[in-house]
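Here's the structure, in structure tokens; my notes come after.
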Amino acid sequence: PYFDDPHFDSAASILNQYSNLVKYVASINTIGNALAIDVEAEMPCISSNQGFAGLSGRAVKHTALANVFKMRQKLVPEIDVVGVGGIETGQDVFEFLLCGATAVQVGTCHWKEGPKCFDRICAELKTLLGKKGYASCKDVQGKLNPWSKEGASKSRAASRKAKEVPSSDSTKKLVSLDLIHAALIVIIAVLLADKFVFIN
């Protein structure tokens with residue numbers, strides 16, 4: 001991964017010179033020299049290299065998105081960008097497509113969930129594309145809008161609406177809780193009735 005514009009410029013200028021040979025770049029690889037600690041054993045979580053290793057998965061997603069976006073801007077169109085890093089959901093794929101990725105790679109999620117993750121991610125992406133009115137991934141690719149007050153307002157309104165409308169599952173759970181509460185009140189009333197003697 002790259003973090004500063006001069007690095008992107010250097011990498012892209014070299015790759016662009018060889019666009020007749022280079023057909024795609026994968027962005028990003030792991031971010032080096034991460035360290036995870038096992039608190040119980042008070043040692044690094046992995047044995048090699050004193051525990052130092054590459055950081056991957058959800059922790060690198062936003063760096064990966066930035067790298068895909070920058071590389072797509074700086075590479076010639078003949079070189080595709082494959083988005084890699086923290087992809088676990090259809091929404092993650094959608095975000096990488098918006099940044100200009102032609103394809104994506106799933107690593108850590110596959111390691112944790114197994115191959116069933118691919119069908120789930122594809123189904124989630126298909127649902128999201130349909131919900132947003134897109135016919136295919138190509139319709140989204142590289143179409144990230146610049147930040148705007150209107151866009152931020154639209155996002156906040158959608159977030160508020162999602163919080164206001166309970167899902168059918170939530171409604172069922174609320175009804176179930178109400179029934180449980182009513183049953184408990186009846187049971188308590190019956191138990192208390194045995195404890196009290198009413199005198200006329």
Which order do peptides 121-129, 152-160 fall in by mean Cβ count within 10 Å, highest first?
121-129, 152-160
What ranking do 9-21, 83-95, 54-66, 37-49 get when scored by the average of other Cβ atoms within 10 Å per residue, highest first?
83-95, 54-66, 9-21, 37-49
Heavy-atom accessible area per residue - segment 55-126, 1.4 Å, Å²
48 Å²
May I ask which of Lys143/Lys163; Lys132/Lys163; Lys74/Lys126; Lys61/Lys143; Lys132/Lys161; Lys23/Lys74 have a Cα-Cα span longer than 21 Å here?
Lys143/Lys163; Lys74/Lys126
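The values are calculated or read from the model by the stated rules, or taken from the named source; none is laboratory data. Just so we're clear, the structure is a prediction, and the values are computed from it rather than from any experiment. Please note: Cβ atoms are built from the backbone with ideal geometry, for glycine as well, and neighbour counts cover all protein chains shown. Just the protein is used for accessible areas: all its heavy atoms, side chains included, with ligands, DNA and RNA removed. Shrake-Rupley method; radii C 1.70, N 1.55, O 1.52, S 1.80 Å.
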